[in-house]
Every structure is written in C-alpha cells, then in structure tokens.
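The values are calculated or read from the model by the stated rules, or taken from the named source; none is laboratory data. Since this is a predicted model, take the numbers as computed values, not measurements. Virtual Cβ from ideal backbone geometry, glycine too; neighbours counted across all protein chains shown.
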Ligand SMILES: Nc1ncnc2c1ncn2[C@@H]1O[C@H](COP(=O)(O)OP(=O)(O)OP(=O)(O)O)[C@@H](O)[C@H]1O
Ligand SMILES: [Mg+2]
C-alpha cells in the first residue's frame, strides 16, 4: 500500500477577482520509506503541495489518500488530529517557541495527543527524540542558546517525537550554511534508513542529490519524476571537512605572509573582543 | 490538549512578559481593590447607622411637624409650625403609654466664655430628654421640672463644648453667654461620638425648652417632639393614641390629612439603613466601572499578545492543536491574569480599607462575601474580555500564521 496517494489534486487561490491555479492536477504516489525531493522554480507550487500533503490545507479538487484514508474532505479539527498522529513537520525557519527549552519544544506535539499521555511518558519520548538527533546534552537549552543547525535538529526531534509515518520538510536547509545543511541531510538520510518516509522541498540541486527520488514541479504540474541512487551525506561531510580546513589554512597563511593580517592564524581561535561580547548579550 | 498543560503553558506565557503581565494585572488590581474598599466602607457605614439608631434610645418615637414622605427624613428640619409645647405636655399627661415627651427647639448660636467663643447648636428640651435618649451625664446634674417651669438660665454641655470653651477644665458652676444671656453650666454629658452624617454628636448644649423658646430661639413651635413609650409592645397603641390626640388638638376634620408625622426608631433605622445601602451600591458601581476599564485593558493586551504570537499559534496548529485547544489556552491565560489581579486587589483592598477606616474613624468591614465576589468577578472579566482575542487566535489559518513575520 502507498503511504501517500494523490489523484488529480488541484489548488486554486482566489484573491478578489483574481484566480491563481497553484496546482493544476497532481498525480503522485509515495511508498513506505521513500526519500523524495521536490524541486522547481519559485512559484511553481512546491509550498502549496507541501501544505496539502501536510493537511494544513485542503485541495480544491482531487483525492488525497494518506495511509489509506481519504483526507481531502476532512474538517479543520480532524485534520489537526492527522497532523498530530501521522505527520511530522520541519520548516525552513525552525519555528521553535522562544524562551522555551529544547525539551519543552519537543514535548509540544505530545500535549495535543488525543490519548492523553502522562508527563513521564512525554518527557521520556522527548529525551529519546533529542537523543536521536544528537542533542541529548542540550535538552535544557533555550533556542537562542543554540546554533542554526542545532535549532533545526530540535525541530526534527519535535517532528519525530510523535513517531509519524511521514516527515515533511519545506526547505529544511534554506537557512543553514552548506556544512550544517549536510549534517541535517545526513540526519534525514539516517532516519530514512530506519524506514521513515520523507518528502523534502529544496531548490538546491546539491541537496536534492541525496534523495533517491526527485520530482520537479513547474506551473503547478509535475514535469519530471526520476529515481536515482542517492549520494551519502556522511561521506561528503568527511571528505569535505578536510578540504575546507586545508583551504582555510592555506588562505590564512597566504594572507599573513602578505602582511594583510597582523596577527598569526592562532588569533582566529581567540575569544571575541569585549565590546562585541556585550553587544551580543544585549542583542538577545 | 493535555489538561494540566493548559495552566502550565499559560503561566509560562505570562512569565515570558513579566512587566506587561504586572501592568495589565494592575488594571484589575485597582478595580478589585476599589470594589472591596467601597463595599467594606459602605457596610461599615451601615453598621454605624444601625448602632447610632440604637443609641437614639429605647422605645423612642419622633413626631415631626407637617406631612412627611418616607425617605425624606432629615431629623429636626420641619418646615411647618403645627407642633406646640402644649402638644408635648398633653401627650405626656393624657396618654398613659407615653413616659416622656420633649418638645425640641434648636438654634445655632455663638457661646462665649471669657475670651473664647464657640459656635454650637443649642437644644431646648424637657427635663426627661436624657432619659429618652438613654444618655448618661458625666458630671453635674440635668435640669429638672422646676428649672423648666421657671425657664432657668442653666445649661448641660457636650464634650466638644467642654474642650473648645473650657479647654478640658471642669465647667460646672461656670457661666457662659449666649447673645448676652448668661447661662450657668450645671452638667456635662458623656461622650457619644460621630453621627450618621459624620457630625460630632458631642458638639451641643442643652437648655430647658422654656428657656429655649422664650430667650434663645425666638420660635414658638416645636421642631420635633421626642417621645418615649413605656414598652415596645405598647408602641402601636401609643402611636394610635398620639395620632388621635394630636388630630383632636389640631382640630382636623376626618377627611383632612395629618399635619404631623410619627416615626418610630425602627422606621428611622430603616430609612437610614436604606440610605446607606444605596450609598454602598453607588460606591460599588463606581468601583465596578474601574474593574470594567481594567477588563478592557486585559482585552487590549490579549489582542496584542495574539498578534505577536501568531507564529506560535501557527506552529501549535501545525503540530496538532485543535481550535478549542488554542481558544482554551488564551482564555486560561487571561483568566489567570485576572485572578492574579483579583488576589492583588484583595490585598490592596484590605490595606486601603484598614487605612481609610483608621483615618476616618469609621468602622469598616473586610467581608468574605466581597472577597468571593471580587475573585468571581475578576475571573468573569477574564473570560469575558479574553474570549474575543482567544477566539481570534483559534480561528487563525495555520499556513498564514506560520508565514507571518
Ligand atoms: N495564499 C495565497 N493566496 C494567493 N496566491 C497564493 C497563495 N499562496 C501561494 N500563492 C500563489 O501560488 C503559486 C504557488 O506558490 P508556492 O508558494 O506554492 O510556490 P513555491 O514553489 O513554494 O515558491 P518558492 O520556491 O518561492 O517558495 C504562486 O503563484 C503564489 O503566488
Ligand atoms: Mg515555497
């Protein structure tokens, strides 16, 4: 059985007299444990499709079978239940609650479980999810005490804590640098290895090549749908890590020998100058 | 949503913006404190009224000249001249139930002693007036029937007069002057305290009514006749007999209205209590308005909060919150905010009541009732004014909410 099955999905936005056909008939099936990347130019309907897949929105026409059940015509609160129990979301801008610890952020979806869990069960599930994403030692940190990559890991832990059938990620690496993006993709690949179905929107081809299936949208239609053997992000990180360090070393040496930088390369590791430290403190 | 998580996340959200929470709660604190203080002072005033009416004396009736409407009471302010000294004497002599009857005449005069003077009300009364009022002397004696008969130039003074004219020294045997008329002080009244309207009851001088009518006031008619009846059971009988006697003496035809009004102590008490209740309500409603304004403050802040936290709401919806969950979360938040204000208001109200009561020398009540009502009202304010913002939050579209900057 397919995990996801879309038949003739359309989505039309109406703003006053204007009609925008964001999706114009999407047919798509996704099987268990697939890792699908969705690409396409800006405005092609990627986010619209993700919102529909994520039951945040309902299609104007078509059928959407999720885990065998038709969800296209469900009501608002029934969709909320599906989101809570079957789906996990990861967003480009993390969407962590401010001034709330990583653990409590991860606990959030479980508070909305229909079958009420005990606080102990909720805590344990949250710790477990944070362990999976490698943040077992950062549970009590606030979002502003975490790096971008760590924030996205917390967000992934939050998506995993409900043990969803499908993980939906809309440009999960959009706000991260290349290195951190690779680490997130590595994490996603490992989750996929363990059998989680993953759909990810990205507009970076370097990211898409880690998915085993790439769908390209254009003007609200699927233009191509190809399977390939994915690269492993882990291998890339290992190789690339050395490259970067070598390149950085070289650049610094060259700069000092030309007299552009007074201090020796070691100064890079020096603590931040005092004024900057204060500025960062008050900037929070 | 998990039930115990609702108040937990509400408190967390409120703590995230401590300063704003405190300032908002202040609106409610002031409102609740005002309600509690006003109700407390009002009830205190009511109790004081009752107490004073009791101090009026036992089994007392007041007869006012003219037809008076219930509620139009202002003791001693009769306009009509229908009651005479002879009426008072006749009441005492012809009605067995009447123990004492004092025709009262009052005038406001300057009293002089040496180089000091004091403006005070001077009451002309009968010799049994203090018996009617149940008012003991502190020293000296009350004038007697003989003094009344001869219109003696004697006076019994209240504590305030002793303080103001004699600077606390023993005034008995001293002579004071009223418009040149020398009056010998023969007695000092025991202290009585503040009256219903906040005037000092000890500020007065009592002289025989004969002296009062003839030498001091220049009036010929009684402003009030103070009557004491033998016992409580005979009140009604006495009242009927007094009415008949006065009608007969005034020569009223059967179809004519009474030209006097009889009020028992009970009726006076009733009117006074009613008045103080109206006052309490009035004060409480004014205080209630400030609670209402506090509630609008809550609504305002909750609306801002919902707007600020649109992304949070979007996220909660995305991970499975249903509309009622979001509604409940914001509603509980504003209720907790109001309850905090309620508790703060009770504390502030308590201190305000005590302070004002001490300062004004007025009894005040800090009633449990007012407290329960205040907390109930503030919770209701929380629900009422928190509902619209919470409802707005619960209707947000998750996609739009998540996208908001
Ligand atoms: N709420 C909306 N109301 C009206 N039109 C909308 C709405 N959301 C999206 N659209 C329109 O639908 C089309 C598809 O938008 P969508 O956000 O799905 O594109 P996208 O592929 O995600 O683009 P990007 O790569 O820039 O994120 C666009 O033309 C957009 O203007
Ligand atoms: Mg998009």
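Scan the range A:31-52 for residues that are more than 21 Å from residue A:206 (Cα to Cα) and either in contact with a helix residue (DSSP H, G or I) (Cβ under 9 Å, 6 or more places away or on another chain) or within 13 Å of ligand 1 (Cβ to nearest atom) (or both) and the total you get is 5. Restricting attention to the range A:186-222, the residues that are within 16 Å of ligand 2 (Cβ to nearest atom) and farther than 30 Å from residue A:19 by Cα add up to 2.
Take the range A:129-182 and flag every residue that is more than 19 Å from residue A:88 (Cβ to Cβ), within 13 Å of chain B (Cβ to nearest Cβ) and either buried (at least 16 other Cβ atoms within 10 Å of the Cβ) or within 16 Å of ligand 1 (Cβ to nearest atom) (or both). Across the range A:129-182, the qualifying residue is only A:142. I'd like to check something: does the range B:161-172 contain any residue that is in contact with a helix residue (DSSP H, G or I) (Cβ under 7 Å, 6 or more places away or on another chain), at negative phi, assigned by TED's automatic domain parsing to the domain that holds residue B:125 and at pLDDT 90 or above? Yes.
Any idea how many residues of the range B:383-402 are under 30 Å from residue B:353 (Cα atoms) and either in contact with a strand residue (DSSP E or B) (Cβ under 7 Å, 6 or more places away or on another chain) or surrounded by 21 or more Cβ atoms within 10 Å (Cβ to Cβ) (or both)? Lay out the reasoning, then the answer.
Step one: of the range B:383-402, the residues under 30 Å from residue B:353 (Cα atoms) are B:383-386.
Narrowing the set further to residues that are either in contact with a strand residue (DSSP E or B) (Cβ under 7 Å, 6 or more places away or on another chain) or surrounded by 21 or more Cβ atoms within 10 Å (Cβ to Cβ) (or both) leaves B:385-386.
Qualifying residue count, the range B:383-402: 2.
Please list, ordered by residue number, the helices (runs of 4 or more DSSP H) wholly in the range A:24-123 having 1 or more residues that are within 9 Å of another protein chain (Cβ to nearest Cβ), more than 15 Å from residue A:157 (Cα to Cα) and in contact (Cβ under 8 Å) with a residue 40 or more places away in the chain.
On the way: elements: A:46-53, A:76-85, A:102-111.
Per the criteria, A:46-53.
Here residue A:20 meets each of (1) within 16 Å of ligand 2 (Cβ to nearest atom); (2) crowded, with 21+ Cβ neighbours inside 10 Å; (3) farther than 18 Å from residue A:172 by Cα; (4) away from chain B (no Cβ under 14 Å) with one exception, condition (2). Restricting attention to the range B:108-138, which residues are farther than 24 Å from residue B:168 by Cβ and surrounded by fewer than 18 Cβ atoms within 10 Å (Cβ to Cβ)? B:131, B:134, listed by residue number. Out of all the residues in the range A:72-91, is one or more within 16 Å of ligand 1 (Cβ to nearest atom), crowded, with 19+ Cβ neighbours inside 10 Å and over 27 Å from residue A:190 (Cα atoms)? Within the range A:72-91, none of the residues are within 16 Å of ligand 1 (Cβ to nearest atom), crowded, with 19+ Cβ neighbours inside 10 Å and over 27 Å from residue A:190 (Cα atoms). For the range B:368-382, check the following and say yes or no: at least one residue is crowded, with 18+ Cβ neighbours inside 10 Å and within 14 Å of chain A (Cβ to nearest Cβ). Scanning the range B:368-382, I find no residue that is crowded, with 18+ Cβ neighbours inside 10 Å and within 14 Å of chain A (Cβ to nearest Cβ), so the answer is no.
Considering every residue within the range A:39-57, establish whether at least one is more than 16 Å from ligand 2 (Cβ to nearest atom) and within 28 Å of residue A:222 (Cα to Cα).
To start, the set of residues in the range A:39-57 that are more than 16 Å from ligand 2 (Cβ to nearest atom) comprises A:55.
Pick out the ones that are also within 28 Å of residue A:222 (Cα to Cα) and you get A:55.
Yes; the residues of the range A:39-57 include at least one that is more than 16 Å from ligand 2 (Cβ to nearest atom) and within 28 Å of residue A:222 (Cα to Cα).
Are any of the residues in the range A:200-209 free of Cβ contacts under 8 Å to residues at least 40 places away in the same chain and in contact with a strand residue (DSSP E or B) (Cβ under 9 Å, 6 or more places away or on another chain)? Working first, answer last.
Residues of the range A:200-209 that are free of Cβ contacts under 8 Å to residues at least 40 places away in the same chain, as a first pass: A:204, A:206, A:209.
With the extra rule that they be in contact with a strand residue (DSSP E or B) (Cβ under 9 Å, 6 or more places away or on another chain), the set shrinks to A:204, A:209.
Yes, the conditions are met somewhere in the range A:200-209.
Put simply, of B:62, B:41, B:23 the only residue that is touching a strand residue (DSSP E or B) at 6+ places or on another chain (Cβ under 9 Å) and more than 14 Å from chain A (Cβ to nearest Cβ) is B:62. Inside the range A:163-185, can you point out the residues that are more than 16 Å from residue A:87 (Cα to Cα) and within 16 Å of ligand 2 (Cβ to nearest atom)? Answer for the range A:163-185, where residues must be more than 16 Å from residue A:87 (Cα to Cα) and within 16 Å of ligand 2 (Cβ to nearest atom): A:171, A:173, A:174, A:175.
Looking at B:154, B:148, B:73, which is the one that is touching a helix residue (DSSP H, G or I) at 6+ places or on another chain (Cβ under 6 Å) and at pLDDT below 90? Can you show your working first?
On the way: B:154 fails: at pLDDT below 90; B:148 fails: at pLDDT below 90.
On inspection, the qualifying residue turns out to be B:73.
Looking only at the range A:183-206, residues that are away from ligand 1 (no atom under 16 Å from the Cβ) and assigned to a strand (DSSP E or B) come to 2 in all.
In the list B:169, B:155, which residue meets the criterion of being surrounded by 13 or more Cβ atoms within 10 Å (Cβ to Cβ) and either touching a residue at least 60 places away in the same chain (Cβ under 8 Å) or over 30 Å from residue B:236 (Cβ atoms) (or both)? Exactly one residue qualifies, and that residue is B:155.
Selection of the range B:309-360 for residues being surrounded by 23 or more Cβ atoms within 10 Å (Cβ to Cβ) and either more than 30 Å from residue A:112 (Cα to Cα) or not assigned by TED's automatic domain parsing to the domain that holds residue B:39 (or both) yields B:342, B:345, B:349, B:353.
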